[in-house]
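Written below as structure tokens is the structure these notes are about.
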Amino acid sequence: MQADDYLLIEQYLDGTLAEREKTAFAERLATEPDLAAALREREAMQRYLKFESQKDALAAQMGLLGKQYFGGDSLEHGNAPSEAKVRPIGQRWWVAALAAAAVIALVLLVFNPFAPKSGQQLYAEYATHEPISLTERSNEAPALAAAETAFNQGDYERAYALLKEVPGSPQSQFAQAICAMETERTAEARSLFQELANGSSVYKNYGHWYLALSYLKTEGYEQARAALAEIPKEDDYLFTRAQELLKALP
């Protein structure tokens, strides 16, 4: 690795690289283990810093426990309770200890800086649906206009019902598949995405991408990897996103 590579890693994580630069960087990650390891270390450091930023909230919670179970504010700001302030009555001390341990365990579980993200977390991060425009491509303007409005407002249940009533096109099929995925009609969504992926429309690569996202929701990581691997390098945007997601998979 060279000194400039560390700056490149920062720009990659900040999202300030141009699309062509991100593609070139993703290709290097696949062939340069040292660069990939440095990226993982930097990502781990970011998660650690995020964890550090939550420590004040943990201290506040521990302070509340101190007041409730030890009769004072002895646990605030990380101070150990003095012996004079501890008033265990029966099982009260053990309840306090268990409560404190539960808070610590919960914080470590949620904010563990080295824990990989779950499928649901990755889905929430990567499943960003761009607004659609359906009325330009069909004579079914009233129904499609209503479906378009519902989709762009995030009302996927209504959009799904409307799209089921209009003639199919690759664009409306793509929108319907997203609606099916967002309304837990997973099998139908995958079938529609697979059909798009097998076709030759402009939504072919999006079919692979969203098929992978559908498997993230159910933690089908191997199926997600297989779908992402189908996205060609020629599609700079989706290929780069696919490489990022592949590295993030557990």
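The values are calculated or read from the model by the stated rules, or taken from the named source; none is laboratory data. This is a predicted model, so every value here is computed, not measured. Cβ atoms come from the backbone with ideal geometry, glycine included; neighbour counts cover every protein chain shown.
Structural remarks
Residue-wise test of (1) touching a Phe, Trp or Tyr at 6+ places or on another chain (Cβ under 9 Å); (2) part of a helix (DSSP H, G or I); (3) under 17 Å from Phe239 (Cα atoms); (4) of a type in the set (Val, Ile, Thr).
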| site | (1), (2), (3), (4) |
| --- | --- |
| Leu13 | no, yes, yes, no |
| Leu17 | yes, no, yes, no |
| Arg20 | no, yes, yes, no |
| Ala24 | no, yes, yes, no |
| Ala30 | no, yes, yes, no |
| Leu35 | yes, yes, no, no |
| Arg40 | no, yes, no, no |
| Ala44 | yes, yes, no, no |
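- Those residues of the range 144-192 which are of a type outside the set (Asp, Glu), part of a helix (DSSP H, G or I) and within 20 Å of the chain's Cα centre (by Cα), in sequence order: Tyr156, Ala177, Ile178, Cys179, Ala180, Met181, Thr186, Ala189, Arg190
- Restricting attention to the range 211-237, the residues that are crowded, with 18+ Cβ neighbours inside 10 Å and in contact with a His (Cβ under 9 Å, 6 or more places away or on another chain) add up to 3.
- The single condition among (1) surrounded by fewer than 14 Cβ atoms within 10 Å (Cβ to Cβ); (2) at pLDDT below 75; (3) under 26 Å from Ala248 (Cβ atoms); (4) among the charged types (D, E, K, R) that Asp56 does not satisfy is (3).
- The single condition from (1) over 19 Å from Ile132 (Cα atoms); (2) buried (at least 20 other Cβ atoms within 10 Å of the Cβ); (3) touching a Cys at 6+ places or on another chain (Cβ under 9 Å) that Ala189 fails is (1).
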